[in-house]
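The values are calculated or read from the model by the stated rules, or taken from the named source; none is laboratory data. Predicted, not measured: the structure shown is a model, and the values here were computed from it. Because the Cβ atoms are built from the backbone with ideal geometry, glycine has one as well, and the counts that use them run over all protein chains shown.
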Amino acid sequence: MNTLEAPFIGINRHRIGIDGEGVTTLAAFHGCPLRCRYCLNPGCLDAEATVRHYTPESLYQALLIDNLYFVATGGGVCFGGGEPLLRPDFLRRFHELCEGRWKITLETSLNVAPTVLQKVHPIVSHYIIDIKDANDDIYQAYTGKSNRRVWENLRWLAEHADPTTVTIRVPLIPEFNSEKDIERSMARVRELGFTQIDRLTYKT
């Protein structure tokens, strides 16, 4: 078995204006380090979920059908899930196969070891980062983990990434945070130099 084989909960083609530039395909990994109360993709945590296993090579072959759309529109693949940064070697190998023709976007919580982010950063065209809330007490109550790594990684990105390639999502989470909490989170993000901020409300 290929040691880079990974489980996916779904592939969603022909997405426009949602996951980065151009036409994109969302490839959603199974597996996540968080246990969010209002998880949008609970299948990524369900041990009984229907998954399909791909190697970087077999996923590349499956997505080649949309090569023309990707190249013509400056699009590519958005890896989500779940948490794509749990599979850094898969991502790097997939990027090698693309040979620079497809953009790689990561939809991530960024709650991983900094060494993982740094390993993958050279191949990422755009980040979509859901920070939940800057307040660690709120974050822990909602996700079950500390956000210490999130902010460590955000500070690293602030120093090493073009801020226009980073979109930060700051959600209102019913029963967990407030409008004032959101304003504090957004202010902290802006202090790092990020300007592309999506303010949204989770549906429970």
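Once the stretch 147-176 is narrowed to residues that are over 18 Å from the mean Cα position of the chain (by Cα) and not aliphatic (A, V, I, L, M), the residue that is surrounded by the fewest Cβ atoms within 10 Å (Cβ to Cβ) is GLU159.
Against the test of being among the basic types (Lys, Arg) and within 19 Å of ARG13 (Cβ to Cβ), the options ARG101, ARG155 yield a single qualifying residue, ARG101.
Please specify each residue of the stretch 81-115 satisfying the condition of being buried (at least 19 other Cβ atoms within 10 Å of the Cβ) and of a type in the set (Val, Ile, Thr). Hits for the stretch 81-115 are ILE104, THR105, THR108, VAL112. In the stretch 44-80, the qualifying residues are those that are within 26 Å of PRO114 (Cα to Cα) and not hydrophobic (A, V, I, L, M, F, W, C), and the one that is surrounded by the most Cβ atoms within 10 Å (Cβ to Cβ) is GLY76.
Within the stretch 71-89, work out how many residues are of a type in the set (A, V, I, L, M, F, W, C) and more than 19 Å from the chain's Cα centre (by Cα). Write out each step before concluding.
First, the residues of the stretch 71-89 that are of a type in the set (A, V, I, L, M, F, W, C): 71-72, 77-79, 85-86.
When the remaining residues are screened for being more than 19 Å from the chain's Cα centre (by Cα), the result is 71-72.
Adding up the residues that qualify gives 2.
Mind checking which residues of the stretch 11-31 are surrounded by 18 or more Cβ atoms within 10 Å (Cβ to Cβ), of a type in the set (Gly, Ala, Ser) and either touching a helix residue (DSSP H, G or I) at 6+ places or on another chain (Cβ under 8 Å) or on the phi < 0 side of the Ramachandran plot (or both)? Before you say what the answer is, go through the steps one by one.
Keep residues of the stretch 11-31 that are surrounded by 18 or more Cβ atoms within 10 Å (Cβ to Cβ), which gives 19-20, 22-30.
Imposing the further condition that a residue be of a type in the set (Gly, Ala, Ser) reduces the set to 20, 22, 27-28.
Selection gives GLY22, ALA27, ALA28.
Let's see how each residue does on (1) at pLDDT below 95; (2) hydrophobic (A, V, I, L, M, F, W, C); (3) more than 26 Å from GLY31 (Cβ to Cβ):
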| site | (1), (2), (3) |
| --- | --- |
| SER109 | no, no, no |
| TYR139 | no, no, no |
| LYS145 | no, no, no |
| ASN153 | no, no, no |
| VAL166 | no, yes, no |
| ILE182 | no, yes, yes |
| ALA187 | no, yes, yes |
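Scanning the stretch 159-176 for residues that are closer than 16 Å to ILE197 by Cα and in contact with a His (Cβ under 8 Å, 6 or more places away or on another chain) turns up ALA161, THR165, VAL166, THR167. When LEU68 is tested against (1) more than 14 Å from the chain's Cα centre (by Cα); (2) in a loop (DSSP other than H, G, I, E, B), only condition (2) is not met. Hey, does the stretch 87-107 have a residue that's of a type outside the set (Phe, Trp, Tyr), touching a strand residue (DSSP E or B) at 6+ places or on another chain (Cβ under 9 Å), farther than 19 Å from THR24 by Cβ and touching a residue at least 40 places away in the same chain (Cβ under 8 Å)? Checked against the condition, which is being of a type outside the set (Phe, Trp, Tyr), touching a strand residue (DSSP E or B) at 6+ places or on another chain (Cβ under 9 Å), farther than 19 Å from THR24 by Cβ and touching a residue at least 40 places away in the same chain (Cβ under 8 Å), the stretch 87-107 yields no hits at all. Of the residues making up the stretch 8-55, those that are assigned to a strand (DSSP E or B) and in contact with a Gly (Cβ under 7 Å, 6 or more places away or on another chain) are ILE9, VAL23, THR24, LEU26, ALA28, PHE29.
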